[in-house]
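Colleague: What follows is a single structure, and I will ask about it in a moment.
Just so it is clear, none of the values below were taken in a lab; they were calculated from the coordinates. In this text the structure is predicted, and so the values were computed from the model without any measurement. As a convention, Cβ positions derive from the backbone with ideal geometry for all residues, glycine included, and neighbour counts pool all protein chains shown.
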Amino acid sequence: MTLKIISHGLSTSIQDLGRPGYFHLGIPMGGAMDRFSLRVANMLVGNPEDVACLEVVFLGPKIEFTKSVIVAVTGAELPILVDGEPRDTWSSFEVKAGQVLSFEFLQAGARAYIAISGGIDTPTALGSRSTYPIGALGGVDGRNVQTGDELPVGDSSNSKAGLSVDEKLRRLPDTPARLRVLPGLYWHRLTEASGNNFFSDEWSVAPEADRMGYRFKGGRPLEFVDREQPFGAGADPSNIVDGCYCYGSIQVPGGKEPIVLHRDAVSGGGYFTLGAVISADMDFIGQLQPHAPVKFEKIDMAGANSARAERKQMLEIIRKELRQEPKTQP
Amino acid sequence: MKTRYTHGGDEHIYVEIDDEMSLDAFFKSLSMSKAVRDAEIDGVTEICPANASFQVRFDPEVIDPEEMMSRVKKLEAQADQTDKRLNTRIIEIPVFYQDPWTHETLMRFRERHQDPSGTDLDYAARINGYDTAEDFITAHHAQPWFVSMVGFVAGLPFLYQLVEREKQLQVPKYLSPRTDTPKLTVGHGGCFSCIYSVRGAGGYQMFGITPMPIYDPEQKISYLEDFMVFFRPGDIVKWKPVDRAEYDEISAAVEAGTYQPRMAEVEFDLEKFNADMTGTNAKLMEALNDA
């Protein structure tokens, strides 16, 4: 059984939950930008939650199926067509052998996740099928999906059409998107006024936004506490002796445009970081289009922990609901 | 040196051993990150040592961030008592300085450079007080370097030269990063040299290129069969200048699967090094020459 990629859309890649364990060598975890949506897509088609799916950015691919399977598309609102007939997002449906899955124009969000019963079954690299093109790992020979590719799909016996996730449980960012930030790391490099400005200013997603990081523009430039730069750091006040970067960390080269490192993060470098977006809000970033308005909101560790628990609870509710019989059946 | 502890979001602890670079700070960050690894704390998923800092990633559902912080802090005293000695290896890395490929690239991005009128090497030589690019190149390869961090992208080593602080070569990064750097470029920014393991964006000044691959995701290159990344923190590197003919020869040997990097097992003792840098370096290079 394979998927024939008739057209790959704008940027479509194979992603699962990533390959933790190699960041100390500069190889990032990778995996779905919106892990919540990937997990739910897999639940809908009866896969284990960490199975590889297609991550679609902005523009849908066109795919022909050689065998009947169950499919679900979550994440961004990308209207679904099977042989030209509409299907619901965040729901499981059948695609028969010979049928073609395609999409209309994006309505909301940025990344859709296509799960197929059995999962994409390309070879793993360092324990994951996630595509990391910079290091030529995972995906299709280390690259994104391209027109003409034929992707293997695994076996499944556990899937059924007609499952759906309640709208209240579809987790997408608000407008403006609220990204909660725990100040820390090199926060002390900023003046107090500048630190306050960062949280009060309105930002929007800049055109340079990809799996490595999202850049934001529109806020006031940051100002630094005066100091003599330490040996080895470099002359700019935003420079530090090259250190580790963590997922979600916010660097601001030259104090101008903040960059939030995401799943394909570089593992280190010489720019100061002012803190990190909390783990619960990382999925939201993956759903932001260029120019989307954003507010950074200050949060403490207790708040970060409860946001994480809330996200986990939502997944648990979906898990329980999908274990029951489909509601649409008589 | 004063250690600074901070949270990086809810999943990371970041420990800055010192805000300035030194081998003392590197050794402490390495031994402390080893102590964290040896402590086998439940919930820890990644430990990343850097030049003068390190980072621990953990699952906050297994261990509370504040508890994680106090566990890491408790390991500092233990790390302070560790010997500053490493059993490591010294590796000879051939470099074709002033090669045509980095030259083509640096000319293409000239408007992003501090001094668009010359090359990166001309600029680096001038601001470090050398009369010619050749004199600067000699200073770059005369003494060995220490791999103080692996990262940025896949398997990229950061290297710190084993000389007194006043002899360290220092250059700023490009005013604005390039969108392209040839694979295996030998670059320099701040006090660090690096080897770009893959082609891509970069901000370091470009001095030359090595014919010796250091990252191979397919693990086909003879010396990368066991693992796709060549370098690890603590490796010692000696650059060996090569010309175009030697560069081509080594490239062909890599391609044929017959190239073996020249290297030797050595012990590096920080206290001995600090007491006698020239003597220690001479011994390191002797071990390499005997290999």
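Colleague: Based only on other Cβ atoms within 10 Å, what is the fewest-to-most ordering of A:D174, A:D201?
Modeller: Values: A:D174 9, A:D201 14.
If I rank by nearby Cβ atoms, fewest first, I get A:D174, A:D201.
Colleague: Then there's this: Please work out the FRET efficiency for the pair A:N196 and B:Y5, using the Cβ-Cβ distance as r and a Förster radius of 22 Å; give the result to the nearest 0.05.
Modeller: Once rounded, the FRET efficiency stands at 0.35.
Colleague: Enumerate the calculated ³J(HN,Hα) couplings along region A:306-311 in order (Karplus 6.51 cos²θ - 1.76 cosθ + 1.60, θ = phi - 60°), each rounded to whole Hz, writing x wherever the residue is Gly or Pro.
Modeller: Those phi angles translate into 6, 5, 5, 5, 5, 5 Hz.
Colleague: Moving to a separate point now. For chain A, just say rounded, prolate or oblate: build the C-alpha gyration tensor, square-root its eigenvalues into a ≥ b ≥ c, call rounded for a/c under 1.5, and beyond that prolate if a/b exceeds b/c, oblate if not.
Modeller: Since a/c reaches 1.5 and a/b is larger than b/c, the shape of chain A is classed as prolate.
Colleague: Among A:289-298, A:240-249, how do they line up by average Cβ neighbours within 10 Å per residue, starting with the highest?
Modeller: Highest mean packing first, the order is A:240-249, A:289-298.
Colleague: Give the distance, in whole Å, between the Cα centre of region B:50-82 and the Cα centre of region B:204-227.
Modeller: Taking the Cα centre of each part, region B:50-82 and region B:204-227 sit 32 Å apart.
Colleague: Send over the semi-axes of region A:2-169's equivalent ellipsoid, whole angstrom and largest first, taken as the square roots of 5 times the C-alpha gyration tensor eigenvalues.
Modeller: Square roots of five times the eigenvalues give 24, 17, 16 Å.
Colleague: Using θ = phi - 60° and the Karplus curve 6.51 cos²θ - 1.76 cosθ + 1.60, what whole-Hz ³J(HN,Hα) does each residue of region B:59-76 get, with Gly and Pro shown as x?
Modeller: So the J values, rounded to whole Hz, are 9, x, 7, 9, 9, 4, x, 5, 5, 4, 4, 5, 5, 5, 4, 5, 8, 5.
Colleague: Sticking with this structure for a sec: Working from the pairwise distances between different alpha carbons, so that the mean of 1/r is found and then inverted, what is chain B's Kirkwood radius in Å?
Modeller: Every distinct Cα pair counted, the radius reaches 20.2 Å.
Colleague: Using a 10 Å cut-off on Cβ to Cβ distances, tally the other chain neighbours for every residue of A:182-188 and report the average as a whole number.
Modeller: Mean number of neighbouring Cβ atoms from other chains: 5.
Colleague: May I ask for the angle, rounded to the nearest 10°, between helix B:23-38 and the longest principal axis of chain B, with both axes built from Cα atoms and the value confined to 0 to 90°?
Modeller: Taking Cα atoms only, the helix is inclined about 50 degrees.
Colleague: Over 22 Å between Cα atoms: which of A:K4/A:K96; A:K62/A:K320; B:K28/B:K272; A:K295/B:K173 fall into that group?
Modeller: A:K62/A:K320; A:K295/B:K173
Colleague: Which ordering of A:V277, A:V205, A:V140 is given by a fewest-first count of other beta-carbon atoms within 10 Å?
Modeller: By the 10 Å Cβ count, ascending: A:V140, A:V205, A:V277.
Colleague: Amide H to amide H under 5 Å from A:T273: which residues, 5+ apart in sequence or cross-chain, H placed 1.01 Å off N in plane?
Modeller: Answer set, sorted by chain and number: A:Y186.
Colleague: With a cut-off of 8 Å between alpha carbons and a minimum separation of six or more residues, what is the relative contact order of region A:50-156 in percent?
Modeller: Rounded, it is 29 percent for region A:50-156.
Colleague: Normalised by the residues of region B:207-266, what does the relative contact order come to in percent, with Cα pairs under 8 Å and at least six apart?
Modeller: 39 percent
Colleague: Please list the non-local residues whose amide H lies under 5 Å from the amide H of B:V266, H modeled 1.01 Å from N, same-chain partners needing a gap of 5 or more.
Modeller: B:T88, B:R89, B:I90
Colleague: At a 10 angstrom cut-off on C-beta neighbours, averaged per residue, how do the peptides A:127-137, A:186-196, B:92-102 rank from highest to lowest?
Modeller: Result, highest mean first: A:127-137, B:92-102, A:186-196.
Colleague: Can you give the mean number of other chain Cβ atoms that lie within 10 Å of the Cβ atoms in peptide A:291-301?
Modeller: 1
Colleague: Please state the Cα pair-distance histogram of region B:4-82 with 5 angstrom bins from zero: what percent is in each bin?
Modeller: With 5 Å bins starting at 0, P(r) equals 3, 17, 31, 26, 15, 6, 2, 0.
Colleague: How long are the semi-axes of the equivalent ellipsoid of the protein assembly as shown, taking √(5λ) for every eigenvalue λ of the Cα gyration tensor, in whole Å from largest down?
Modeller: Three semi-axes, in Å: 44, 28, 23.
Colleague: Further, regarding this structure: If you plug each phi of region A:2-17 into the Karplus form 6.51 cos²θ - 1.76 cosθ + 1.60 with θ = phi - 60°, what whole-Hz ³J(HN,Hα) values come out, in order, with x for Gly and Pro?
Modeller: For region A:2-17, the Karplus-derived couplings read 9, 9, 9, 7, 6, 8, 8, x, 8, 8, 10, 9, 7, 9, 10, 8 Hz, x marking Gly and Pro.
Colleague: Still on this structure, please answer the following. For chain B, what relative contact order do you get, as a whole percent, if you take Cα pairs closer than 8 Å and at least 6 residues apart?
Modeller: 20 percent
Colleague: How big is the charge dipole of chain B about its Cα centre, in debye rounded to the nearest 20, if each Lys and Arg gets +1 on its Cβ and each Asp and Glu gets -1 on its Cβ? Present the calculation step by step, with values, prior to reporting the outcome.
Modeller: Details: 30 positive and 49 negative charges, 85 e Å.
The dipole of chain B has a size of about 400 debye.
Colleague: Specify the inter-centroid distance of region B:243-291 and region A:125-183, based on alpha-carbon positions, in whole Å.
Modeller: Using only Cα atoms, the two centres lie 44 Å from each other.
Colleague: Still on this structure, I have one more. Roughly what would the spin-label model give for B:E66 and B:R199, points 7 Å off Cα along C-beta, in nm?
Modeller: 5.2 nm
Colleague: Let me ask something additional. All other residues with a Cβ under 15 Å from the Cβ of B:W101 taken together, and with Lys, Arg as +1 and Asp, Glu as -1, what is their net charge?
Modeller: -1
Colleague: Same structure, new question: Going by amide H atoms built from the backbone, whose H comes under 5 Å of the H on B:D99, apart from near neighbours?
Modeller: For B:D99, whose amide H was placed from the backbone, the distant partners under 5 Å are B:I209.
Colleague: Still on this structure, please answer the following. Does anyone have the angle between helix B:277-290 and the longest principal axis of chain B? Alpha-carbon axes, 0 to 90°, nearest 10?
Modeller: 70 degrees
Colleague: How well do other chains shield peptide B:227-234, expressed as the mean number of their Cβ atoms within 10 Å of each residue Cβ?
Modeller: Mean shielding by partner chains, rounded to a whole number: 3.
Colleague: Now for a separate question. As a test of the definition: which semi-axes, in Å, follow for region A:213-321 when you take the square root of five times each eigenvalue of its alpha carbon gyration tensor? Largest first, please.
Modeller: Over the Cα atoms of region A:213-321, the ellipsoid semi-axes are 31, 15, 13 Å.
Colleague: Then there's this: Take the alpha carbon atoms of region A:18-57, find their center, do the same for region A:222-282, and report the distance between the two centers in whole angstrom.
Modeller: Rounded to whole Å, the Cα centres lie 26 Å apart.
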